[in-house]
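To start, the structure under review is shown below, and the notes come after it.
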Amino acid sequence: MTSGPLLKITSIETLYYDRIYALYGLSLEVKEKEIFAVLGPNGAGKTTLLKTIAGLLKDQPKKGAIEFQGKHIHRLRPESISRLGIVYVPEDRGLFRELTVKENLDLGCWGRRDRGGIKDDFEFVLGLFPVLKVRSGQQAETLSGGEQQMLAMARSMLHRPKLLMLDEPSLGLAPLVAHTVYDAFSQISKAGATILLVEQNAKMALGVAAFAYIMESGRIVLEGTSRELTENEDVKELYLGVGGADISPKGWRLYRKRRTW
């Protein structure tokens, strides 16, 4: 265990086609056993950030450094990064849709030899998401969107991640189901996993995270504790939909607030 951050990113630049900047001079730190959120609009580069960390973009980042537990991991192969304990759950959940729930969960244990630990971990994830036990023999493609998200998270936990990266876990979910998914985050964190959460739903993310970053156009434009960001006037209006601009009688804003960052 290192005395510094679990994950440290320093001035990375990720390019598409070697000329289009998706991330530019981006730096952030993630402390161990806490929940961190990255917020921002569509096209801000949030997914690109997670893919860059996971090694899913070949030869990226072009510049800068990514350190995990004090070791440089930028431009390593994805399987090498995964073996270090970094698990990425993509927006589409990455399930094997034709396989059953149980078969998908079994794949999360691939490479493990500790049968006792696997049994304990199965009990943990099925305790988090009891519906998966009921759906055990059902094909993943027949599950609801919320159940698929629960399955993706449960499978990722069976890999025993040190850093669990989640891309838009509430996307397309009914509010009640989204809250069920979010309620699991604190238990996952208490179990020892660090969570890096990418979201557009700022209210939910700030409700569970200890610290958050706001991204726009491939850069970090604001950072702070969840309380600090929740009380920030720009964040309130631009991301939480609270206060700020006057509203016309017909329901639209009379002006758009100018950012201070």
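The values are calculated or read from the model by the stated rules, or taken from the named source; none is laboratory data. Computed from a predicted structure; not experimentally measured. All Cβ positions, even for glycine, are placed from backbone atoms using ideal geometry, and neighbour counts span all protein chains on display.
Please give the strands (runs of 3 or more DSSP E) falling wholly within segment 1-95 in which 1 or more residues are of a type in the set (D, E, K, R).
Because the criterion is at least 1 residues that are of a type in the set (D, E, K, R), the strands (runs of 3 or more DSSP E) in segment 1-95 that meet it are 7-16, 20-30, 63-68.
For Thr47, indicate whether it is in contact (Cβ under 8 Å) with a residue 60 or more places away in the chain, among the β-branched types (Val, Ile, Thr) and within 30 Å of Gln187 (Cβ to Cβ).
Criteria met by Thr47.
Please name all residue pairs, on different chains or six or more residues apart, with Cβ atoms under 9 Å, provided the first residue is in segment 57-72 and is in contact (Cβ under 8 Å) with a residue 12 or more places away in the chain and the second residue is aromatic (Phe, Trp, Tyr) and outside any loop (DSSP other than H, G, I, E, B).
Qualifying pairs under 9 Å: Leu57/Tyr16; Gln60/Tyr16.
Could you say which residue among Ser27, Ser82, Ser11 is over 30 Å from Val131 (Cα atoms), surrounded by fewer than 19 Cβ atoms within 10 Å (Cβ to Cβ) and within 18 Å of the chain's Cα centre (by Cα)?
Step by step, each of Ser27, Ser82, Ser11 is checked, and only Ser27 is over 30 Å from Val131 (Cα atoms), surrounded by fewer than 19 Cβ atoms within 10 Å (Cβ to Cβ) and within 18 Å of the chain's Cα centre (by Cα).
If you go through segment 196-218 one residue at a time, do you hit one that is within 26 Å of Ala22 (Cα to Cα), at pLDDT 95 or above and basic (Lys, Arg)?
For segment 196-218, residues within 26 Å of Ala22 (Cα to Cα), at pLDDT 95 or above and basic (Lys, Arg): absent.
Kindly check whether there is at least one residue in segment 30-37 that is over 15 Å from Ala212 (Cβ atoms) and of a type in the set (Asp, Glu).
yes
Hey, among Ser170, Ser144, which residue is of a type in the set (Ser, Thr, Tyr) and more than 30 Å from Glu231 (Cβ to Cβ)?
Only one candidate qualifies: Ser144.
From the list Lys119, Lys51, Lys46, Lys71, which residue is more than 23 Å from Met215 (Cα to Cα) and modelled with pLDDT of 95 or more?
Going through Lys119, Lys51, Lys46, Lys71 in turn, the sole match is Lys71.
Hand me the list of helices (runs of 4 or more DSSP H) wholly inside segment 107-223 holding 2 or more residues that are in contact (Cβ under 8 Å) with a residue 40 or more places away in the chain and surrounded by fewer than 21 Cβ atoms within 10 Å (Cβ to Cβ).
115-128, 175-190
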